[in-house]
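Participant: Quick one: the structure is below, questions incoming.
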Amino acid sequence: MSGNSNDTSGQGMIVNPKPKADNQDWDGDEADRADRLRFEEEQAMIREQSEARAAAKALAERKAAEAAKNAK
C-alpha cells in the first residue's frame, strides 16, 4: 500500500460490513457465529479447568493440614 492518503483502491484494507437500517439483527456470517461459539466453549472449558484445579489444590492443602495436625 502506498503512503498516499488519497489512495482509495482499498488494497490491503479490512472492511467490516455494518448492519443496514432494514437489517438490524445482522450478526455476521456463519464463520463469525462459529468463532463466537468456539470462543464461548473455550472460555467455559478454561473456567471448568480452573475450578477443578482450585478444588484439587484446596483438597491437597486440607489433607496436608490434617496430616500435619495428626503428626503432632
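Participant: Looking at (1) modelled with pLDDT under 65; (2) assigned to a helix (DSSP H, G or I), which is the one condition that is false for Ser5?
Facilitator: Evaluating Ser5 over (1) modelled with pLDDT under 65; (2) assigned to a helix (DSSP H, G or I) leaves (2) as the failure.
Participant: Starting from residues that are at pLDDT 60 or above and over 25 Å from the mean Cα position of the chain (by Cα), keep the ones in the range 23-59 and report whichever is least open to solvent (accessible area, probe 1.4 Å).
Facilitator: Here the answer is Ala58.
The values are calculated or read from the model by the stated rules, or taken from the named source; none is laboratory data. These numbers come from a predicted model, not from an experiment. Remember, those area values only see protein heavy atoms, side chains included, never the ligands or the DNA or RNA. Shrake-Rupley method; radii C 1.70, N 1.55, O 1.52, S 1.80 Å.
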